[in-house]
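*Asks:* First, the structure itself, so that you have it in front of you.
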Amino acid sequence: MKRTKGRKDERTKGRKNALSSSLPLTLWGPPLLWMSLIFLGSSLTGGHADDLTRQASGVNEPIQIQRIKDVVHITEYGILTLLLIRAFTGRSYRPSLKQTWLAFIIASLYGVSDELHQYYVPSRYPGLDDIIRNILGAALAAGLMYIIAHYRKRSQHL
């Protein structure tokens, strides 16, 4: 029996290595790409960012533009958290509590660093309110994924 098991391990070893060599890019590429897009967006000068928001939404009122940007902050960090959970779970979207916390912490810290980055961009400034929105987006996504994963787990055991 040990011999058969050893042969089976030998046969599957090659497949696992081939698969695992492509997994880091397919798992971690999306969150890294998303982080790059966030960085690119926060590199736009303040006036240019507002102009893009006006063009994309058709809204001209400054308060409405700000509300749209508020929703964008929450959404972009929610998406980042989901992509991180996807990477941590190998696409299963069934995160452990540790994986959920880790995704939340990474997304939140990236949100803080993104706001600090804006200090160096002309006509932009870091805002505590934006940091809160970034963390809120990460928390909503992390909490939702954790609840869904445990609901699925519970319903499978019934």
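*Asks:* Filtering region 1-50 down to residues that are under 30 Å from G127 (Cα atoms) and small (G, A, S), which residue is modelled with the lowest pLDDT? Walk me through it before giving the result.
*Replies:* Residues of region 1-50 under 30 Å from G127 (Cα atoms): 28-50.
Still in the list and also small (G, A, S): 29, 36, 41-43, 46-47, 49.
Values: G29: 96, S36: 97, G41: 91, S42: 92, S43: 93, G46: 76, G47: 81, A49: 82.
The qualifying residue modelled with the lowest pLDDT is G46.
*Asks:* Then there is this: Being buried (at least 21 other Cβ atoms within 10 Å of the Cβ), under 19 Å from G29 (Cβ atoms) and hydrophobic (A, V, I, L, M, F, W, C): is that true of I79 here?
*Replies:* For I79, the condition - buried (at least 21 other Cβ atoms within 10 Å of the Cβ), under 19 Å from G29 (Cβ atoms) and hydrophobic (A, V, I, L, M, F, W, C) - is not met.
*Asks:* Among the numbered criteria (1) over 13 Å from the mean Cα position of the chain (by Cα); (2) not in a helix (DSSP H, G or I), which one does Y93 miss?
*Replies:* Failing condition for Y93: (1).
*Asks:* Suppose the filter is assigned to a helix (DSSP H, G or I) and touching a residue at least 24 places away in the same chain (Cβ under 8 Å); does A107 pass it? It would help to see each step written out before you state the result.
*Replies:* Values: assigned to a helix (DSSP H, G or I): yes; touching a residue at least 24 places away in the same chain (Cβ under 8 Å): yes.
Yes: the conditions hold for A107.
*Asks:* Further question on the same structure: Select from region 34-65 the residues that are out of contact with any Pro (no Cβ under 7 Å at 6 or more places or on another chain) and part of a loop (DSSP other than H, G, I, E, B) and write down the one among them that is nearest to Q118 (Cα to Cα).
*Replies:* Residue satisfying both the conditions and the ranking: S43.
*Asks:* Let me ask something else. Where residues in region 134-147 are buried (at least 19 other Cβ atoms within 10 Å of the Cβ) and without any contact (Cβ under 8 Å) to a residue 60 or more places away in the chain, which of them is farthest from L82 (Cα to Cα)? Talk me through it step by step, then tell me what you get.
*Replies:* Of the residues in region 134-147, the ones buried (at least 19 other Cβ atoms within 10 Å of the Cβ) are 134-135, 137-138, 141-142, 145-146.
If we keep only those that are without any contact (Cβ under 8 Å) to a residue 60 or more places away in the chain too, we end up with 135, 146.
Values: I135: 13, Y146: 11 Å.
Across region 134-147, the extreme among qualifying residues is I135.
*Asks:* Would you mention how many residues in region 92-111 are loosely packed, with under 15 Cβ neighbours inside 10 Å and either over 17 Å from W28 (Cβ atoms) or in contact with a helix residue (DSSP H, G or I) (Cβ under 7 Å, 6 or more places away or on another chain) (or both)?
*Replies:* 5
*Asks:* Given the residues S123, S155, which is the only one that is outside any helix (DSSP H, G or I) and either at pLDDT below 95 or surrounded by 16 or more Cβ atoms within 10 Å (Cβ to Cβ) (or both)? Step through it out loud before you land on a result.
*Replies:* Working: S155 fails: outside any helix (DSSP H, G or I).
Answer to the check: S123.
*Asks:* Given the options I74, I131, name the one that is under 23 Å from I148 (Cβ atoms), touching a residue at least 12 places away in the same chain (Cβ under 8 Å) and touching a Gly at 6+ places or on another chain (Cβ under 7 Å).
*Replies:* Every option except I74 fails the conditions.
The values are calculated or read from the model by the stated rules, or taken from the named source; none is laboratory data. All figures in this text were calculated on a predicted structure; none of them were measured in a lab. Positions of Cβ are generated from backbone atoms using ideal geometry, with glycine treated the same way; all protein chains shown enter the neighbour counts.
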